[in-house]
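Working notes, beginning with the structure itself.
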Amino acid sequence: MMSTGEGIDWAMGEALAFGSLLLQGYNVRLSGEDVSRGTFSNRHVTMYDQNTGAPYTALNHLQSGQTTKVEAIDSLLSEEGVIGFEYGYSLEDPNSLVLWEAQFGDFFNPAQVIFDQFVVSGEAKWVLQSGLVSLLPHGYDGNGPDHTSARLERWLQLSDSKECTADTDDVNVQVANCTTPAQYFHLLRRQMVRPFRKPLVLMAPKALLRSPDAVSTIAEFGPGTTFQRVIGDSTVDNNEVKRVLICSGKHYYTLRNKRDELKDTTTAIIRIEELCPFPSSELQKELNKYADAEKFWAQEESRNSGAWSFVNPRVKNILGHELKYAGRKECAAAAVGISKRHAQEVKDILNQAFSHIL
């Protein structure tokens, strides 16, 4: 992986972010159930000697005399207490990257009071800046209603993003749903290297952790690279495009693979990597390439969930574009619990997205 500079996956992207921050003088603190291993056996930040049981954290031995360290705390499944502690830790030590990872994204629910009363509103109420990162595994993989959704819509509703005027970085919370390990790397580093602190809520991957599609090259981590709030489509001829699909997160790969299967050259796919603050200028730049194409918001979540109700008014009021919807219909539960129904829903939402050529 590192010898070729190709195929850098999510776990390696995270390790590169942690390691580079450690070498720059920042500590890293990660808590949550199973975080040292990773819920999906993806991280292994701490390993154990099979003979003695002694732990070993390689990132704490990057160079001789290293004083910074990464702490991986396998905390109890008591989210309210853990989040309250980590929020306080992030206030007391703004030079440490403090992260909490849910085992699955919906496990933040027991800590909703802490998020509401402190994390997303603390700066407005008490002028206290927190850089706490919440990693919430999110994605519709057919795992049923209780292991699917990190309730993206709730985090967007908790933000003070404006519907009718462009956002700046002065929002109360950042909400991201990025698609590559390099993007994840830059997001984590940005939390520390800029001169202010904001909470970051990230719809973290599950299936993408080992997907051969969701990889980066070493060049995407190097000098001159940065986090991209919007990623355009460089694979299409702009003059041939008849439909634009705007999406976020894992759903991009589902759409792209379907487009490849159909051999479709008339559909452009634009990725919004950070939803809040809403990247209006970056998105407008991409939409300007396809003035005559119809625009859709495509998501895997239900219509009453996900980012649709957040994105639609901003695209209309700020950018002046009318969006159509391609996604699941309204549902009280986060997801269905029957695999056949899940598969049919995936087929249905893809048929909506590519209805112009099917």
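Taking the conditions exactly as written (in contact (Cβ under 8 Å) with a residue 24 or more places away in the chain and closer than 19 Å to Gln103 by Cα), does Cys164 satisfy them or not? No. Taking the stated definitions as given, is Val311 assigned to a helix (DSSP H, G or I) and out of contact with any Pro (no Cβ under 6 Å at 6 or more places or on another chain)? Yes.
Here Gly327, Gly306 are screened, and the one residue that is under 22 Å from the mean Cα position of the chain (by Cα), assigned to a strand (DSSP E or B) and among the small types (Gly, Ala, Ser) is Gly327. In the set Val336, Val346, only one residue is β-branched (Val, Ile, Thr), surrounded by fewer than 22 Cβ atoms within 10 Å (Cβ to Cβ) and assigned to a loop (DSSP other than H, G, I, E, B); that residue is Val336.
Among the criteria (1) over 22 Å from the mean Cα position of the chain (by Cα); (2) surrounded by fewer than 21 Cβ atoms within 10 Å (Cβ to Cβ), the one Glu286 does not fulfil is (1). Taken over region 140-194, residues that are open to solvent by less than 60 Å² (accessible area, probe 1.4 Å) and part of a helix (DSSP H, G or I) amount to 17.
Among the criteria (1) in contact with a helix residue (DSSP H, G or I) (Cβ under 7 Å, 6 or more places away or on another chain); (2) in a loop (DSSP other than H, G, I, E, B); (3) surrounded by fewer than 21 Cβ atoms within 10 Å (Cβ to Cβ), the one Glu220 does not fulfil is (2). Taken over region 19-53, the criterion of being aromatic (Phe, Trp, Tyr) and without any contact (Cβ under 8 Å) to a residue 40 or more places away in the chain is satisfied by Tyr48 alone. Restricting Ser3, Ser41, Ser31 to those that are within 22 Å of His147 (Cβ to Cβ) and modelled with pLDDT under 90 reduces the list to Ser41. A single member of Arg190, Arg229, Arg197 is closer than 28 Å to Thr4 by Cβ and modelled with pLDDT of 95 or more, and it is Arg190.
Taking the numbered list (1) at pLDDT below 95; (2) among the polar types (S, T, N, Q); (3) crowded, with 20+ Cβ neighbours inside 10 Å in turn, Ser78 passes all entries but (3). Where the second residue is in a helix (DSSP H, G or I) and open to solvent by less than 10 Å² (accessible area, probe 1.4 Å) and the first is within 21 Å of Leu209 (Cβ to Cβ) and lies in region 182-195, which pairs have Cβ atoms under 6 Å and are six or more apart or on separate chains? The qualifying pairs are Tyr184/Gly13; Phe185/Gly13; Phe185/Ala17; Leu188/Ala17; Arg189/Ala17. Quick check: anything in region 20-42 open to solvent by 70 Å² or more (accessible area, probe 1.4 Å), assigned to a loop (DSSP other than H, G, I, E, B) and closer than 26 Å to Gly88 by Cβ? The answer is yes; a qualifying residue exists. Only one of the numbered conditions (1) crowded, with 18+ Cβ neighbours inside 10 Å; (2) modelled with pLDDT of 90 or more; (3) within 27 Å of Arg154 (Cβ to Cβ) is not met by Tyr89, and that is (1). If the condition is being in a loop (DSSP other than H, G, I, E, B) and surrounded by 10 or more Cβ atoms within 10 Å (Cβ to Cβ), then region 227-236 contributes Phe227, Gln228, Arg229, Gly232, Asp233, Thr235, Val236.
Every condition in (1) buried (at least 22 other Cβ atoms within 10 Å of the Cβ); (2) farther than 30 Å from Asp106 by Cβ; (3) small (Gly, Ala, Ser) is met by Ala298 except one, and the failing one is (2).
The values are calculated or read from the model by the stated rules, or taken from the named source; none is laboratory data. All of these numbers come straight from a predicted model, not from anything done at the bench. Ideal geometry is used to build each Cβ from the backbone, glycine not excepted, and the neighbour counts take in all protein chains shown. Surface accessibility is based on the protein's heavy atoms, side chains included, excluding ligands, DNA and RNA. Shrake-Rupley method; radii C 1.70, N 1.55, O 1.52, S 1.80 Å.
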